[in-house]
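These notes concern the structure reproduced below.
The values are calculated or read from the model by the stated rules, or taken from the named source; none is laboratory data. Bear in mind the structure is a predicted one, so any value in this text is a computation, not a measurement. Please note: Cβ atoms are built from the backbone with ideal geometry, for glycine as well, and neighbour counts cover all protein chains shown. Calculation scope for accessible area: heavy atoms of the full protein, side chains included, ligands and nucleic acids excluded. Shrake-Rupley method; radii C 1.70, N 1.55, O 1.52, S 1.80 Å.
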Amino acid sequence: MAPEIVIDTNVLVAGLRSTHGYAYRLLQLVGTGRFGINLSVPLVLEYEDVLYHPGTGIPVSREAIDAVLNYHCSIAHQQRIFFLWRPFLRDSKDDMVLELAVNASCDFIVTYNKDDFKGVETQFELSVVSPREFLFEIGSIE
């Protein structure tokens, strides 16, 4: 069975900023069946807020960002969040990612900010990994 993941916003930004690196490779694999992605309305709104901000350095048009977000929304397992047990983490936006991952019974949170999710792996049954670590886990890199 393919693992279920939540992609943190910083990974999406990195993957859209450069066609090099592990974040870009991860985004290329979205929708291939190697893993499932999970979204909630609050996470999509955060994606939009960050990706549309002119200071992100993303060298693609708003239309291209729209296409990426629309694709993710069309293939993702969409989750409604019915419970809130915040705060668990220092940042409420990270709590939102954690709530989605727990509600969706995900296996992984994929993020570049692993330290922001300290304590998650022992409290909840999910792993917090970088894009590189996740790609290694699914056999997409050695």
Subject >> S74 vs. criteria small (G, A, S), open to solvent by 70 Å² or more (accessible area, probe 1.4 Å) and modelled with pLDDT of 95 or more >> reply: yes
Original post:
Restricting attention to region 114-131, which residues are under 17 Å from G36 (Cα atoms) and assigned to a helix (DSSP H, G or I)?
Top reply: P131
Original post:
Looking at (1) modelled with pLDDT under 95; (2) closer than 17 Å to G36 by Cβ; (3) in contact with an Asp or Glu (Cβ under 6 Å, 6 or more places away or on another chain); (4) not hydroxyl-bearing (S, T, Y), can you tell me which one D107 breaks?
Top reply: (1)
Original post:
Just to be sure, is I58 under 16 Å from the mean Cα position of the chain (by Cα), at pLDDT 90 or above, surrounded by 12 or more Cβ atoms within 10 Å (Cβ to Cβ) and not small (G, A, S)?
Top reply: no
Original post:
If we keep just the residues of region 27-44 that are free of Cβ contacts under 8 Å to residues at least 40 places away in the same chain and closer than 13 Å to L12 by Cα, which is surrounded by the fewest Cβ atoms within 10 Å (Cβ to Cβ)?
Top reply: Q28
Original post:
On the given criteria, is L89 open to solvent by less than 40 Å² (accessible area, probe 1.4 Å) and either at negative phi or modelled with pLDDT of 85 or more (or both)?
Top reply: yes
